[in-house]
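The values are calculated or read from the model by the stated rules, or taken from the named source; none is laboratory data. Everything quoted here is computed from the prediction, not taken from an experiment. Virtual Cβ from ideal backbone geometry, glycine too; neighbours counted across all protein chains shown.
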Amino acid sequence: MLGLLPVTSWAKGASIGWHSDDNREYLKQRDFSAVCYLNSHGESFRGGLFHFKDGELQTVVPSAGDLLIYTADSNNIHSVEEVTDGERLTLTLWFSRNSTHDEDMKLISRLSQIYLNEESCRSFFPFPAPASSNMYLFSREQSFHEEFGINICFARLLVLGFSIYSSSDENLLEERCDILLKPLKLTRSDKLLSYEFSNILHALQVVQYYLWKSWDLPRPESTLSWGKVTELSHPQKEKVDKLKLALIKDHKLAWETFGFRCHESTELQDFNWACFSVAITAWEDYTSEKHKDLIRSLPHWINYQSIFCASFDTV
Ligand SMILES: O=C(O)CCC(=O)C(=O)O
Ligand SMILES: [Fe+2]
């Protein structure tokens, strides 16, 4: 029986002190923990070493593909050193002996509700629905107040050289982050792409996809397949700056948190809107393929009451 959190990103500054993984009343169902390291210490990040408090194995140096398994109780108190540079990526899983805590079934039932309803199946559009806007607030203080922090989606785009234009009313700026949950456009070096993204997550995912796949994407046609690019007018520029000021209260924090990724900006140096426009379509194709896979697999998952069907065939 399995519980999992999706990929965890440990940005610079992240750490966790001594703890066991079942150290809260609501975590008592955890029997075993498994951490799969998705990238390597020394290559992708510095710091972030894993330590056991007791026992023979004291320190684990994360290396891509390694899986660390231990009991979730106080026999295995552990900690993670502060990440001092780069981004540490892990996949964390918890196993329970108690089947009532099986998260597969919860997820399958949720997915069935969404996808076995024909109406929602037909109306599917592969754009991510953002969570509430304060989910994306980050600040140095524990209390994530928008007066001090940064909006992490916006900060990530900013560090990669993009900014955002929203044609929404001026007074929407008052609502700050909520503006990012509405349709918006991307700008870069005073140029504006007329294509309208559904929301900030849509824009961010296309940018990430472009960074990931830019070498594999088909060559752009001479004209942009999505919208056109214009020079930002003076009033538009003012609006872009106003939004930036409203969403990034702590500029230094934005760079500290995401700036290490700047090697990616070399890929963005000869940025080409036509290529980017190809990425918009390619991303849409990619996500709708994933969606089709999910619909195809769902009956099988329901049948087996599990998403992760391990095969025990001997080689
Ligand atoms: O990422 C790791 O190495 C361990 C993470 C951890 O201790 C936890 O998530 O409870
Ligand atoms: Fe832990």
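Summary table below
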{"read-out": "Segment 11-38, subset among the charged types (D, E, K, R), within 27 Å of residue 152 (Cβ to Cβ) and at pLDDT below 90, residue farthest from ligand 1 (Cβ to nearest atom)", "value": "12"}
{"read-out": "Check on residue 33, surrounded by fewer than 17 Cβ atoms within 10 Å (Cβ to Cβ) and either over 27 Å from residue 253 (Cβ atoms) or within 15 Å of ligand 2 (Cβ to nearest atom) (or both)", "value": "no"}
{"read-out": "Complete set of residues in segment 12-28 that are touching a Lys or Arg at 6+ places or on another chain (Cβ under 8 Å) and away from ligand 2 (no atom under 11 Å from the Cβ)", "value": "14"}
{"read-out": "Some residue of segment 93-113 being within 16 Å of ligand 2 (Cβ to nearest atom) and either in the same structural domain as residue 139 (by TED's automatic domain parsing) or under 30 Å from residue 254 (Cβ atoms) (or both)", "value": "no"}
{"read-out": "Flag for residue 41 being within 12 Å of ligand 2 (Cβ to nearest atom), under 26 Å from the mean Cα position of the chain (by Cα) and modelled with pLDDT of 95 or more", "value": "no"}
{"read-out": "Residue 219 vs. criteria part of a helix (DSSP H, G or I) and at pLDDT below 85", "value": "no"}
{"read-out": "Every pair of residues 6+ apart whose Cβ atoms lie under 6 Å, when the first sits in segment 8-24 and is farther than 18 Å from residue 69 by Cβ while the second is part of a loop (DSSP other than H, G, I, E, B) and within 12 Å of ligand 2 (Cβ to nearest atom)", "value": "18/53; 18/77"}
{"read-out": "Subset tally (residues that are within 24 Å of the chain's Cα centre (by Cα), within 9 Å of ligand 1 (Cβ to nearest atom) and either exposed (fewer than 13 other Cβ atoms within 10 Å of the Cβ) or not hydroxyl-bearing (Ser, Thr, Tyr) (or both)) for segment 63-90", "value": "3"}
{"read-out": "Exclusive hit being crowded, with 16+ Cβ neighbours inside 10 Å, over 23 Å from the mean Cα position of the chain (by Cα) and at pLDDT 90 or above, set 207, 229", "value": "229"}
{"read-out": "Filter result (under 20 Å from residue 168 (Cβ atoms) and either in contact with a strand residue (DSSP E or B) (Cβ under 6 Å, 6 or more places away or on another chain) or modelled with pLDDT of 90 or more (or both)) within segment 245-263", "value": "247, 248"}
{"read-out": "When residues of segment 1-10 are limited to those that are modelled with pLDDT under 85 and surrounded by 14 or more Cβ atoms within 10 Å (Cβ to Cβ), the one farthest from ligand 1 (Cβ to nearest atom)", "value": "1"}
{"read-out": "Any strands (runs of 3 or more DSSP E) falling wholly within segment 63-112 and containing at least 3 residues that are touching a residue at least 24 places away in the same chain (Cβ under 8 Å) and of a type in the set (Gly, Ala, Ser)", "value": "none"}
{"read-out": "Residue in segment 46-62 that is farthest from ligand 2 (Cβ to nearest atom), counting only those that are in a strand (DSSP E or B) and either farther than 21 Å from residue 24 by Cβ or out of contact with any Pro (no Cβ under 9 Å at 6 or more places or on another chain) (or both)", "value": "46"}
